[in-house]
Amino acid sequence: MIYLILAIMCSALLSIIMRLSQRHVDNDLSMLGFNYITCVILSLVASGVGNVFPATEGISTTLGLGVINGFLYLAGFVLLQVNIKRNGVVMSTTFMKLGLLVPMVFSLVVFGERMNLMQSIGTVLALSAIVLINAQKEETNLSFKWGLILLLLANGGANGMSKVYDEVGNEELSAQFLLYTFAMACVLCWALAIYKKEKVSKYHVLYGVVIGVPNFFSAKFLLKSVQTLPAVIAYPTFSVGAIIVVSLVSICFLKEKLNKRQWIALAGILVALALLNI
C-alpha cells in the first residue's frame, strides 16, 4: 500500500505543477520534452548507465513493451490536446480520467482478477464521482467523438501497461522498462516539437525538469503497486486518490472554490476509497 500512496502523491504533485506552469508556458510540447529527458536521466540512474541492455532473459519483451508504452504516453497527450480543441476541456478531462476502465477491464477479463461486492460498489461510485466532478455545461463538437474514445484507450492503455508488464515481464528489468518507455516518448515528443517548430524558453526547461521528477516516480511507484496489489484495486484508488489530493491543495493553497456538485463528488470519492480497500 505504501507504493500506491507514494504513486498518488507524485501524480498529484505532477498535476499541481502542470497547473502552475500555465502562467509561464505557452506551448506544452517543449516542456513535455524536457520532462521526458529528466525521466530518461532518472531511469538511467535507476537501471545503471552500463546496464541499459543487459543480457538477461526477457529483455526483448521489456524493450517491446517499453516502446509501446512510450508511444501510448505521447499519444495520450496529443489526443488530449486535440480533444480539448474539438470537444472542450470538460469532456476531454472526463474521458481521460475514465481511461482507468481499460486496465481494470483487462485485469478482470484477461488476468482473472476479482473484486468483492464492496469493491465493485466502490468502483462504480468512483467512476460516477469522476464524471460528476467534471460535469458542467459546455458546448462540444462531438463530430470528433472517436477522438474521445481514442483518448480513453490511449490513456488507459498507458496506465495499464504496468499491469501487463507485471504479468509477462521480468521484474528484475523494471527499471529498464521505464527507461525504454520514457526514451521512446522523449524521441517522439521532440520529433513532433521540431516538426511544429516550437520555440524553447527557460520556463520550458525549468518546468519540464520539475515535472519530470514526480512523473518518473509516479510511474515507478505505480508499477510497484500493481506488483503488490490487485490492479482492479490499485488503478481506481490511484486515480481518485490523486483527485482528492489535487482538490485539497487547490482549495487550501491555490484558493480555488468548489461548487456543491463537486463537493458531493469528492465525498463520493472518499466513500469509494474506503470501499475499494475493504
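Readers should treat all values here as calculations from the given coordinates under stated rules, not as data from a laboratory. For clarity, every value in this text was computed on a predicted model and none was experimentally measured. Quick reminder, even Gly has a Cβ in these numbers, built from the backbone with ideal geometry, and neighbours come from all protein chains shown.
The table below gives the values:
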item: Where GluC sites (Glu not before Pro) in DSSP loops with at most 13 other Cβ within 10 Å are excluded, longest remaining stretch of the chain; result: 140-255
item: Qualifying chymotrypsin sites (Phe, Trp or Tyr not before Pro) for the range 190-221 [loop in DSSP, other Cβ within 10 Å: at most 14]; result: none
item: Quotient of C-alpha Rg and 2.2 N^0.38 Å, computed over the range 24-70; result: 1.47
item: Calculated [θ] (222 nm, deg cm²/dmol) that DSSP helices of n ≥ 4 give over the chain, each run adding -39,500 (n - 2.57); result: -27500 deg cm²/dmol
item: Simple label model, 7 Å out from Cα along Cβ direction - Ile84 to Val45, nm; result: 2.9 nm
item: Approximate spin-label separation Phe111-Ile5, in nm, with each point projected 7 Å along Cα-to-Cβ; result: 2.3 nm
item: Cleavage-rule hits, trypsin sites (Lys or Arg not before Pro), the range 183-214, DSSP coil, Cβ neighbours within 10 Å at most 16; result: Lys196, Lys197, Lys199
item: Radius ratio Rg over Rh of the range 141-257, counting only Cα atoms, Kirkwood formula for Rh; result: 1.01
